[in-house]
Amino acid sequence: PGLRFTAPAHTYTSTEAAAIETELLRDYRFGQQQLIEIWGQACAIAITKAYPLSSLTKKQPTVLVICGPDQNGSIGLVCARHLRMFEYEPTIYHPKRSSHSLHQDFTVQCEKMDIPFLSYLPTEVQLINDAYNLVIDAMLGPEADCANIKEPYSGILVTLKQIKIPIASVDVPSGWDVEEQSQDGINPEVLISLTAPKKCAVSFTGKHFLAGRFLPYDIQKKYELNLPDFPGTDCLIEL
């Protein structure tokens with residue numbers, strides 16, 4: 001009841017994604033920190049919809065958030081902080097921290113919430129399966145070169161391909177090409193697309209959320225995003 005089927009949202013390339021973001025920052029006067037906060041909070045809400053506290057099978061509502069070096073990693077940090085407010089127990093693995101003060105701010109915010117940071121990721125896959133209910137992949141975003149993934153991320157991807165607990169990916173599953181579906185990449189159960197789905201999301205068969213209900217109408221028109229009707233006052237929608 002209440003479900004409305006709309007035309008599928010327009011998928012877009014990494015070039016368009018970058019252009020939209022530049023326009024938001026330059027012409028529409030959004031701040032980068034503001035965008036990361038909006039996206040990160042929406043990701044946390046998507047996680048609560050896909051994995052409600054009551055559905056988690058382990059005794060503690062533990063979640064492992066793996067953060068990359070760039071913007072996707074910062075979105076992961078914000079997501080972890082909000083999950084903590086929603087009474088989950090996130091742990092962050094953030095192997096290469098950016099020197100950018102903005103990213104450092106998000107790190108400090110998590111530390112002040114007493115969210116633990118791992119110093120290394122166990123290569124023993126069973127340890128991860130036993131300790132956490134799910135993994136949030138906020139590692140390599142749309143700007144990553146998937147043909148040339150360096151350590152520590154190539155090693156982390158090997159581990160993520162072997163774990164048995166669900167993976168939820170932010171914007172683009174790490175290691176996937178933004179423009180096409182991955183054949184041998186990680187296999188997330190949930191994908192949270194930011195702003196609009198990327199081309200690689202077309203054939204994604206898991207639970208797919210679109211997060212971030214803030215795009216000015218002129219940008220939606222200009223890029224023909226054809227975004228779906230969000231329900232009520234929700235900041236995300238399941239596609």
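The values are calculated or read from the model by the stated rules, or taken from the named source; none is laboratory data. Since this is a predicted model, take the numbers as computed values, not measurements. Don't worry about glycine lacking a Cβ; one is built from the backbone with ideal geometry, like all the others, and counts go over all protein chains shown. Accessible surface is based on the protein model in full, side chains and every heavy atom, while ligands, DNA and RNA are left aside. Shrake-Rupley method; radii C 1.70, N 1.55, O 1.52, S 1.80 Å.
Assorted remarks:
- Shape of segment 1-129, Cα gyration tensor, a/c cut at 1.5: oblate
- Once the chain from THR48 to ASN187 is taken as fully extended at 0.36 nm per residue, the excess over their C-alpha distance is 48.1 nm.
- The HN-Hα couplings worked out from phi for segment 110-115 by the Karplus form 6.51 cos²θ - 1.76 cosθ + 1.60 (θ = phi - 60°) are 5, 4, 5, 8, 6, 7 Hz, whole numbers, x standing for Gly and Pro.
- C-alpha center-to-center spacing [segment 166-207, segment 44-109] in angstrom: 18 Å
- Total charge dipole magnitude, the chain, about the Cα centre, Cβ charges on Lys, Arg, Asp, Glu only, Debye to nearest 20: 440 debye
- Look at the alpha carbon pairs under 8 Å that are at least 6 residues apart: their mean separation over the length of segment 14-238 gives a relative contact order of 18 percent.
- Neighbourhood charge, 14 Å Cβ-Cβ cut-off, centred on LEU157 and excluding it, Lys, Arg +1 and Asp, Glu -1: -3
- Burial ranking of peptide ranges 18-24, 181-187, 63-69, 116-122 (average Cβ count within 10 Å, highest at the top): 63-69, 18-24, 181-187, 116-122
- Surface composition of the chain: carbon and sulfur atoms hold 51% of the protein heavy-atom accessible area at a 1.4 Å probe.
- Exposure of LYS199 as accessible area (Å², to 10), given a probe of 1.4 Å and all protein chains: 80 Å²
- Peptides 210-216, 168-174 ranked from most to least packed, by the mean per-residue count of other Cβ atoms within 10 Å: 168-174, 210-216.
- Taking 15 Å as the cut-off, the amide N atoms of segment 48-73 that come nearer than this to a point 7 Å along the Cα-to-beta-carbon line of THR91 belong to 58-67.
- Rg to Rh, two decimals, where segment 138-224 supplies the alpha carbon set and Rh follows Kirkwood: 1.00
- Database note for the chain: Cys without another Cys beta carbon under 4.7 angstrom, CYS67, CYS110, CYS146, CYS200, CYS235.
- Gyration tensor (Cα) of the chain, equivalent ellipsoid semi-axes in angstrom: 26, 20, 19
- Kirkwood Rh (inverse of mean 1/r, distinct Cα pairs), segment 21-79, angstrom: 13.0 Å
- Taking every C-alpha pair closer than 8 Å and separated by at least 6 residues, the mean separation divided by the residue count of segment 112-239 gives a relative contact order of 18 percent.
- The order of the peptides 72-83, 100-111 by mean Cβ neighbours within 10 Å, most packed first, is 72-83, 100-111.
- Summed residue charge, Cβ within 12 Å of PRO95's Cβ, Lys/Arg positive, Asp/Glu negative: +2
- Table column - 3J(HN,Hα) (Hz), segment 172-188, Karplus curve with 6.51, -1.76, 1.60, x for Gly and Pro: 9, x, 4, x, 7, 6, 4, 8, 8, 5, 7, 8, 10, x, 5, 10, x
- Scanning residues 5 or more positions from THR195 or on other chains, those with amide H under 5 Å from its amide H are ALA211, with H placed 1.01 Å from N in the peptide plane.
- Summed over the residues of the chain and divided among them, the accessible surface reaches 49 Å² per residue at a probe radius of 1.4 Å.
- Heavy-atom accessible area order for MET85, MET113, MET139, largest first, 1.4 Å probe: MET85, MET113, MET139
- Toward the positive end of the charge dipole of segment 14-238, with +1 on the Cβ of Lys and Arg and -1 on the Cβ of Asp and Glu, the farthest Cα among MET113, LEU134, ALA201 is that of MET113.
- Mean residue ellipticity at 222 nm, helices only, the chain: -10500 deg cm²/dmol; runs of at least 4 DSSP H residues each add -39,500 (n - 2.57), and the sum is divided by the number of residues.
- Taking amide H positions as modeled 1.01 Å from N, with prolines and chain starts lacking one, the residues under 5 Å from LEU134 and 5 or more places away or on another chain are LEU64.
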